Amino acid sequence: MTGEELIWRIAGGSGDGIDSTSQNFTKALMRTGLDVFTHRHYPSRIRGGHTYVEVRAADHAVKSRGDGYDFLLALGDSFARNPQDGEAYYGNEEVKPLSENLDELREGGVIVYDEGLLDTDEVEDFDERVEENDWHVYPLDLRSLAREHGREIMRNTAGVAATAALIDMDTGIFEELMADTMSGEMLETNVEVLEEAHAEVSEMEFTHDLEVPTGSHDEEQVLLNGSHSVAYGAIDEGCRFIAGYPMTPWTDVFTIMTQHLPSIGGISEQVEDEIAAASLAIGASHAGVKAMSGSSGGGFALMSEPLGLAEMTETPIVLVEAMRAGPSTGMPTKPEQGDLEHILYTSQGDSNRVVFAPGTVAEAYEQSREAFRVAYEYQIPVVIVIDQKLSGELASVPASHFDREPNPDLGSVLSEEEIADAPHHASGTFNRFRHDPEDGVSPRSIPGQKDGRFLATGNEHTPQGHIEESPDNRVAQVDRRTRKLESIREDLDDKEHSNQTYYGPEDAEHGILVWGSQQGSVEEAVDRLNEQGESVKMLGVSDLMPYPKEDVTAFLESVDECLVVEMNITAQFRGLTQKELGRFGEKMSSLLKYNGNPFEPAEVVEGFDIQVNGGDEPPTAQTRIEPAAGD
Amino acid sequence: MSKSFSAIGQAAQGEEIDREAFTPGIEPQATWCPGCGDFSVLKALKGAMPEVGRTPDETLLVTGIGCSGKLNSYFESYGMHSIHGRSLPIARAAKLANPGLEVIAAGGDGDGYGIGGNHFMHTARENHDMTYIVFNNEIFGLTKGQTSPTSPKGHESKTQPHGSAKDPIRPLSLALTSGASYIARTAAVNPRQATEILTEAIEHDGFAHVDFLTQCPTWNKDAKQYVPYTDVQDSEEFDFDVHDRQEAAEMMHETEDKLYEGEVLTGRFYIDEERRSYGEEKRSTGEMPEEPLAERYFDAEADWERSYDLLDAHK
Ligand SMILES: Cc1ncc(C[n+]2csc(CCOP(=O)(O)OP(=O)(O)O)c2C)c(N)n1
Ligand code: SF4
C-alpha cells in the first residue's frame, strides 16, 4: 500500500458524542477529497465506558482499518465520575481514553488529551512510553475552553478544532458541516469554540510533522455504513414494509428504514417479538407488498419457524441477519461470523432459502437489491447476512453507485387478466402451486384479485393449496420447491456481474477465500503480500446459498493452496465450501479469529506467511491456524 | 369509517353474495370429528359473510394450527393456514398492507391464548381493524387432548395426570385489559346468536374478539359447552352497559367465574365504537399511506422514491 494516509482515533466515554463527532470529522476528510473508512469500538453500555472510533483517510482507496494509528484525541469519560461526590463509578475508567489506546499508537504519533479530565500521572509508565515511542504530546484544557465559549459538551468541537490545527486543516469545512445540522445559538457557540480552539492551538509550537494528506475525487462521494446500504437497496427495490424488534446490531437497518418509510408511503412496525416481526413480513408480502424483517442471532433464532412458513407457502420475504458474537446474547457490540450455519440450516425439513453475504458497504446495496429481486421472482425467503462490523463501519462510496432506477416489480405475480386465463381447478379455485413449472416458480395471485383465491398453508398441499399428504403430490411439490434453487443458481451465474469479488493478479499461485465483512482487510493484505513479492489473489464469496460452485471451483483449481479467512472458531465457511464442492480439502487451511475484533490486514499477511512458509504456530495470540485436511 | 374496497379486488361491487359462495368446490380432506363444535363456527361464519357483503375474493382468513386452524379447508376465500399461535401478526400485517381486505383470524384456545398469547395481547392493544375468532373447546384437540390454557383447574389429562394446578385464563377480561374494542362470547349450541355476533364483529371497525365456545366430543366429553346457556342481552337478570368499561369488566368477571361453575353466559360484553382502529391512528399521524399500499404495486403510474434522492445527509 503506497501513498499517503492518516489514521486518527477519537476516544472518550460512551454517550459523550464520540460517534457523531467522528462522523463529522470523517465527512470533513471526505470533502477534502480523501477516501475514508471508520472502525468503531464500543462497550455494551449506554453511558460511560471506554469507546473509540478510528478514522482512516488516504489519497487512495481504503478498505479496512490500518495497522496501528497516528493521532489520538483522548477526550475523557464524563460519566466515569459521579458529579455529586466526585467518586469514581467504575474503578479507573476515567483515564481509559488515554491508557487503553496507547498500544496501537504508531511511533512518532501525536497525542492530544483533555487535561481538564485526564491526568497522565494515573497512566502507567506514560512518560517512559512517550519517550520510547517518540510520541508528541499536547495537553489541552478542552473542557475549560468549551465552557468558556459555550457549553462543556462542546469539548468535542474543541478537540476536533485542535486536531485540525495540528494537521493543518482549515476549519471552513467543519463550519459548513455544523451549519447542515444545527442553527441559532447552538451553531454560533459551536463555531466560536471551533475557531477559538483552532486559533489557540495554531499558535502553539509543534514538535511533530504529521499532516493531513491531500486527495481529490473524480466524482462526488457519500459517507455511509452497511446498514444504510442494505436499507437503500431495499427502498430502491420497492420494499415499503418493515417489521422488527430491536436487537444490536440489526437495530440500525430497522431504524434507518423506519426513518424513511412513512415519508415515502411505506409502513414500519415495531412489534412484540421477532416471531411476530417475521410473521408480519409474511402477512404483508402475502397481501402484495414488498416486505422485510430481520434481527441478530438470538432474534433470528426466533424467526426460524416463520422462515419455514415463508418457504412452504412460497411467500417472498427478505430477512437481515446482522451477526454479533454468540452463542446466546454473546457479545452485543462485537462482530463475529459465527451464525453462518445457523442461517443456512435453521428451520425444519429440507428447507431452502437464499443467503447473500455482502463483503463491503458498496456491495451491501447491490446485494440487498438482488435479495429482493430473487425473493419476489422466485417466491422464496432470502437472508442478507451482515455483521456488527459491516453494519456500523462508515466508508466513502461514489454517489453514482446509488444512481439507479427503482424496481417495484412484485415478481412472479399475475394480473387479474392473467388469472382469468391461468389454470384453475374445476371448482374455480386457482392453481397457485402447480407441479409443472420448469423453473419451480408457479406464479401467484394477491388477495383481493378476482378469482385468484388460494390457500397458503404450511402443511404440504395440492396445487390449489389444500392440505394433502399423498406420496405423488408430496414428491411433486418438494421437487418443484427444490428446483427453484437450481434456477436461482443459473440466474445468478448468467448475470453479467457476479456477486463474488475477485481481487489480485489472475495468475497468482496462492489464494485467499473470504466471506462477508472481512473482505476489505483481505484485499489490503493481498496488496501488501504482492508488494512483498508473494503471488496471491482473493475470492470474496457473497452467495452462500445457492453456493457458487463454478466460481469457487475455478478459483481453487487455479491456485496451489488457499487460506480461508473467517471470524469463528469452527471454520464454518470452509466447511460449507468442502461440503458443496466435495473436494479441495487438502488445499484449504483456515485463518480464524474469534476474540470480538475483526481481522487487521497485518494479521492476514502473517497468517498467510505461516501457511505458505510453514509452521503451525498461531500467528498472534488472537488468531489461529486450522491446517488443511490430511495434514 | 366506511370500508374502502381495494382496487385489487373490485369483485364485490353490485354482486349478490350468498353463503354458498364460501363453500369450497374442492372436497376437503376431512379432519374434524363428527359432532365437533368447529362445524358450528364454520356455519356461523358462512352465514355472516353475506350479511357483511363481502365476497370470498375480498376476504382473507388467517388461521393458526390445531383442529380449529383447519377452518380454511372448509371455507372458500383467500387464506393462510399459518403456524401455531401466529395467525394474528400475519393477519394484521395483511390488513395494514391492504386495508381494503376483510381480514379474519381464527384459531384455538391453545393457539391463541397459549403460544400466541403475546400476539393476542398486542393485537388487541393496537386495535387492528379485524376479527379474531377463538374456538374455545378448553382442550388441545389436534394433539389429542392435552390440558389447554382454558381447561378448568383440576382438569386431568395425560400431561396433567394429577389434575391441573393452574387457574384457567380469562380470555374476555384479558381482551378488555389489552384494549380490544369489541368483545363477545358465543357458543356452538346457538347458531342464530353466533351468526349475529360474527356479523357484528366483522363489521366492527377495530379489534373484535369473539370467544366461541365449541365442544370437542372426542377429548373433552365433560366440557360445560353442552349445558344450556344464557344470553346476557336477552336475560333480565343481567343489566349492564356494554359501552361502559367498568360494568363490562365486572360482567366479564362474573361470566368467567360462572363458566367453571357450570353456568354459561354468552353475548356482547364490551363494545367501544369511539376508539379509532390502529390503521386510522397510523394514517392520522402520517405513519401510514392513505391509499392501500398494496394497490401501488399495481399502479403503473405510481411514483417510486429512490435512495439516490435521500443521499443529501451523507454528503
Ligand atoms: C410450534 C408448535 N408447537 C406445537 C405444535 C403442536 N400442536 C398442534 S395443534 C396444538 C394444540 C392446538 O390446540 P388448540 O389451539 O386448543 O386447537 P384445537 O385443536 O383444540 O382446535 C399443538 C400443541 C405445533 N404445531 N407447533
Ligand atoms: S379432536 Fe375435538 S376439536 Fe378436533 S376435530 Fe375432533 S372433536 Fe373437533
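The values are calculated or read from the model by the stated rules, or taken from the named source; none is laboratory data. Keep in mind that this is a model prediction, so the values were computed, not measured. We place every Cβ from the backbone using ideal geometry, glycine too, and count neighbours over all the protein chains shown. Side chains included, ligands, DNA and RNA excluded: accessible areas come from the protein's heavy atoms. Shrake-Rupley method; radii C 1.70, N 1.55, O 1.52, S 1.80 Å.
Of the residues in segment B:105-142, how many are among the aliphatic types (A, V, I, L, M) and more than 16 Å from ligand 2 (Cβ to nearest atom)?
Final tally of qualifying residues: 5.
Out of B:SER277, B:SER235, B:SER307, report the one residue that is more than 10 Å from chain A (Cβ to nearest Cβ) and closer than 30 Å to A:GLY266 by Cα.
After ruling out the rest, the residue left standing is B:SER277.
Answer with yes or no whether B:SER87 is farther than 20 Å from A:ILE267 by Cα, within 9 Å of chain A (Cβ to nearest Cβ), away from ligand 2 (no atom under 16 Å from the Cβ) and among the polar types (S, T, N, Q).
It is false that B:SER87 is farther than 20 Å from A:ILE267 by Cα, within 9 Å of chain A (Cβ to nearest Cβ), away from ligand 2 (no atom under 16 Å from the Cβ) and among the polar types (S, T, N, Q).
Any idea which of B:GLY267, B:GLY286 is on the phi > 0 side of the Ramachandran plot and either in contact with a Lys or Arg (Cβ under 6 Å, 6 or more places away or on another chain) or facing chain A (nearest Cβ under 9 Å) (or both)?
B:GLY286
Going through segment B:71-84 one residue at a time, which ones are at the interface with chain A (Cβ under 9 Å from one of its Cβ atoms) and touching a Leu at 6+ places or on another chain (Cβ under 8 Å)?
B:ASN72, B:SER73, B:SER77, B:TYR78, B:GLY79, B:MET80, B:HIS81, B:SER82, B:ILE83
Would you pick out the residues in segment A:501-531 that are part of a loop (DSSP other than H, G, I, E, B), open to solvent by 10 Å² or more (accessible area, probe 1.4 Å) and touching a helix residue (DSSP H, G or I) at 6+ places or on another chain (Cβ under 8 Å)?
Across segment A:501-531, the qualifying residues are A:GLY504, A:PRO505.
Whether any residue in segment A:416-423 is more than 7 Å from chain B (Cβ to nearest Cβ), within 30 Å of A:THR553 (Cα to Cα) and open to solvent by 20 Å² or more (accessible area, probe 1.4 Å) is what I want to check. Before the answer, list the steps.
Our first condition is that a residue be more than 7 Å from chain B (Cβ to nearest Cβ); within segment A:416-423, this holds for A:416-423.
Next, only the ones that are within 30 Å of A:THR553 (Cα to Cα) stay: none.
No: segment A:416-423 contains no residue that is more than 7 Å from chain B (Cβ to nearest Cβ), within 30 Å of A:THR553 (Cα to Cα) and open to solvent by 20 Å² or more (accessible area, probe 1.4 Å).
Return yes when B:LEU172 is open to solvent by less than 10 Å² (accessible area, probe 1.4 Å) and away from ligand 1 (no atom under 16 Å from the Cβ) and no when it is not.
Criteria met by B:LEU172.
Could you pull out every one of the helices (runs of 4 or more DSSP H) wholly within segment A:284-369 that has 3 or more residues that are within 11 Å of chain B (Cβ to nearest Cβ), open to solvent by less than 10 Å² (accessible area, probe 1.4 Å) and touching a residue at least 12 places away in the same chain (Cβ under 8 Å)?
Details: elements: A:297-302, A:304-313, A:340-345.
Helices (runs of 4 or more DSSP H) meeting the threshold: A:304-313.
Considering segment A:397-415 alone, what residues qualify as being more than 8 Å from chain B (Cβ to nearest Cβ), under 30 Å from A:THR333 (Cβ atoms) and not in a strand (DSSP E or B)?
Correct list: A:HIS401 only.
Residues that are open to solvent by 10 Å² or more (accessible area, probe 1.4 Å), among the charged types (D, E, K, R) and away from ligand 2 (no atom under 16 Å from the Cβ): does segment B:95-104 have at least one?
At the first step, the residues of segment B:95-104 found to be open to solvent by 10 Å² or more (accessible area, probe 1.4 Å) are B:95, B:99.
Okay, now just the ones that are also among the charged types (D, E, K, R), so B:95.
Narrowing the set further to residues that are away from ligand 2 (no atom under 16 Å from the Cβ) leaves B:95.
Yes, segment B:95-104 has at least one match.
Taking A:LYS484 as the residue in question, decide whether it is touching a Gly at 6+ places or on another chain (Cβ under 8 Å), among the basic types (Lys, Arg) and more than 9 Å from chain B (Cβ to nearest Cβ).
Judged against the criteria, A:LYS484 is a match.
If you take the residues of segment B:41-58 that are facing another protein chain (nearest Cβ under 8 Å) and under 27 Å from A:GLU460 (Cβ atoms), which of them is farthest from ligand 2 (Cβ to nearest atom)? Quick ask: steps written out before the conclusion?
Kept after step one, since they are facing another protein chain (nearest Cβ under 8 Å), are these residues of segment B:41-58: B:56-58.
Adding the requirement that they be under 27 Å from A:GLU460 (Cβ atoms) leaves B:56-57.
On the way: B:PRO56: 24, B:ASP57: 28 Å.
If we take residues in segment B:41-58 being facing another protein chain (nearest Cβ under 8 Å) and under 27 Å from A:GLU460 (Cβ atoms), then B:ASP57 is farthest from ligand 2 (Cβ to nearest atom).
Considering only segment A:375-396, I want to know if a residue exists there that is within 13 Å of chain B (Cβ to nearest Cβ) and small (Gly, Ala, Ser).
Yes, segment A:375-396 contains at least one residue that is within 13 Å of chain B (Cβ to nearest Cβ) and small (Gly, Ala, Ser).
Being at pLDDT 95 or above, in contact with a strand residue (DSSP E or B) (Cβ under 6 Å, 6 or more places away or on another chain), open to solvent by less than 70 Å² (accessible area, probe 1.4 Å) and among the aromatic types (Phe, Trp, Tyr) is the requirement here; does B:TYR270 meet it?
Working: at pLDDT 95 or above: yes; in contact with a strand residue (DSSP E or B) (Cβ under 6 Å, 6 or more places away or on another chain): yes; open to solvent by less than 70 Å² (accessible area, probe 1.4 Å): yes; among the aromatic types (Phe, Trp, Tyr): yes.
So B:TYR270 passes the test.
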